[in-house]
1. How high is the FRET efficiency from residue 309 to residue 213, r the C-beta distance, R0 30 Å, rounded to 0.05?
2. Between residue 257 and residue 200, with labels modelled 7 Å along Cα→Cβ, what's the label distance in nm to one decimal, could you check?
3. Provide the descending list of Cα extents for segment 1-151 along its principal axes, expressed in whole angstroms.
4. Please report, largest first and rounded to whole Å, the three semi-axes of the ellipsoid equivalent to the chain, where each semi-axis is the square root of five times an eigenvalue of the C-alpha gyration tensor.
5. How far is it, in nm, from the label point at residue 97 to the one at residue 65 when both lie 7 Å from their Cα along the line to the Cβ?
6. Pairing the Cα long axis of helix 29-67 with the longest principal axis of the chain, what angle in degrees results, from 0 to 90 and rounded to the nearest 10?
7. Evaluate the distance, in nm, between pseudo-label points positioned 7 Å from the Cα of residue 343 and of residue 250 along their respective Cα→Cβ axes.
8. Would you mind telling me which residue in 317, 300, 255 has the biggest mean-square fluctuation in a Gaussian network model of the chain, where springs connect alpha carbons within a distance under 10 angstrom?
């Protein structure tokens, strides 16, 4: 079984390598990008195949030496080679687990304060900043889309953004002494994060006849107008009841374009949730009610620790995490997802 998998991976990887030097493929930008993406995705598995062949050779070599006579050192070498081979085979199976079809997409993140009043709104800002910094560390670009009243909406753009940020969807709980707390008491508050795969027009067919578009003047502090034109836009999608309002930009056209991007993402995500309620893209499961009991992760300032409750993983580097050092969490969550998908595939096959 594993030999056949190794051979399939090697054959496909070699074929992709040839395609990347084929003039016909190079001249077709779309196809060349698709081939390059698949090549990059398969490369880790191809490297594991090389390691598997070396370890397999080590096992056979040790077995051959033992057939000529018992040797404790060779016996120990064989045990180590077998353990390494099993580890590589597990890695190969995980590497070939069926991917989430949305993993390559860019995302729109919506962060807002949950339980905890003003402190929750401040915490939402901290979470949004943490995620923005993480995006930059991973080489993605970010685009602010909307901000105000404890809610932050921004896009993270780049291939594979969803594969990383989908794990941030849910309730983030903080335990700390608020700046406004004179007695030094620790308070708990929450911020909710929704992670929406950004939908292309081909993903979501939005009919103009299904939209109600209202324009109005952007409101500033105290209800005053920040300009004298009707630049703010509110779009209602009648079939789903989804409403998106945007007023951050000075231009009505820019506000409308941003609102449509968020609308398409929400419609697309709602359709995914309806098709497969178990997917992490279920926005209602991600966001919940914002109640303190519903949490994916807790940030404890007094103990400088961060705990992810989904995988029972704790790190004691709170300051680094808040500066966007989330790779350790993402890697653990990705491995957990792959193992669960592998189990599901095995159950389906059985």
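1. The pair residue 309/residue 213 has a calculated efficiency of 0.15.
2. Between residue 257 and residue 200, the label points sit 1.8 nm apart.
3. Largest first, segment 1-151 extends 77, 49, 24 Å along its Cα principal axes.
4. One finds semi-axes of 45, 28, 17 Å for the chain.
5. 3.6
6. Its long axis makes an angle of about 30 degrees.
7. Going by the 7 Å Cα→Cβ label model, 5.5 nm.
8. 317
Each value in this text was obtained by applying a stated rule to the coordinates, not by laboratory testing. Values in this document were obtained by computation on a predicted structure and should not be read as measured data. Note that we place each Cβ from the backbone using ideal geometry, even for glycine, and neighbour counts take in every protein chain shown.
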